[in-house]
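The values are calculated or read from the model by the stated rules, or taken from the named source; none is laboratory data. The structure displayed is predicted, hence computed values, not measured ones. Here the Cβ positions follow ideal geometry from the backbone for every residue, glycine too, while neighbour counts run over all protein chains shown.
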Amino acid sequence: MMKIQVFDTHVTTTTGRYLHFGVLVTPEESANAERYATQFLAQQGVILQDIHQQSCSFCHNEIASAEVVAAISQHKHFILKLEGCSPVAPTLESY
């Protein structure tokens, strides 16, 4: 059983795109939640200059599902896509 922390993340870009996702990490990785959020945004094609408003705040603790445990064991975090997130990271051809 793995206890994780959930960081609720909201981003609005300068073009009006809204993204809502959770960054799930172990308590030991909580200091890196914003870095993981920034990395995920880059995978979504959003760079820091494109961000109008952003928040990445601790929300709650929970027990991780098997899928989340596997991802955290491999990558140290899991991104839970909620709103406005592309299902697949954009490729260079997308730009």
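Would you mention how many residues in the range 4-48 are in contact with a helix residue (DSSP H, G or I) (Cβ under 8 Å, 6 or more places away or on another chain) and on the phi > 0 side of the Ramachandran plot?
1
Write out, first by first residue and then by second, each pair whose Cβ atoms fall under 6 Å of each other, whose residues are 6+ apart or on separate chains, and whose first residue, in the range 43-55, is of a type in the set (Gly, Ala, Ser) while the second is at pLDDT 90 or above.
Listed pairs, sorted by first residue: 55/10.
Any chance you could count how many residues in the range 1-33 are surrounded by 15 or more Cβ atoms within 10 Å (Cβ to Cβ) and acidic (Asp, Glu)?
Number of matching residues: 2.
What about residue 33, is it closer than 10 Å to residue 5 by Cα, among the aliphatic types (A, V, I, L, M) and in a helix (DSSP H, G or I)? Show your work before the answer.
On the way: closer than 10 Å to residue 5 by Cα: yes; among the aliphatic types (A, V, I, L, M): yes; in a helix (DSSP H, G or I): yes.
Answer is yes for this residue.
Return the residue satisfying two criteria in turn: it lies in the range 1-21 and is part of a loop (DSSP other than H, G, I, E, B) and within 26 Å of residue 64 (Cβ to Cβ), and of such residues it is modelled with the lowest pLDDT. Talk me through it step by step, then tell me what you get.
Here is the first cut: in the range 1-21, the residues part of a loop (DSSP other than H, G, I, E, B) are 1-2, 14-17.
Next, from what is left, pick out any that are within 26 Å of residue 64 (Cβ to Cβ): 1-2.
On the way: 1: 91, 2: 95.
The extreme case among them is 1.
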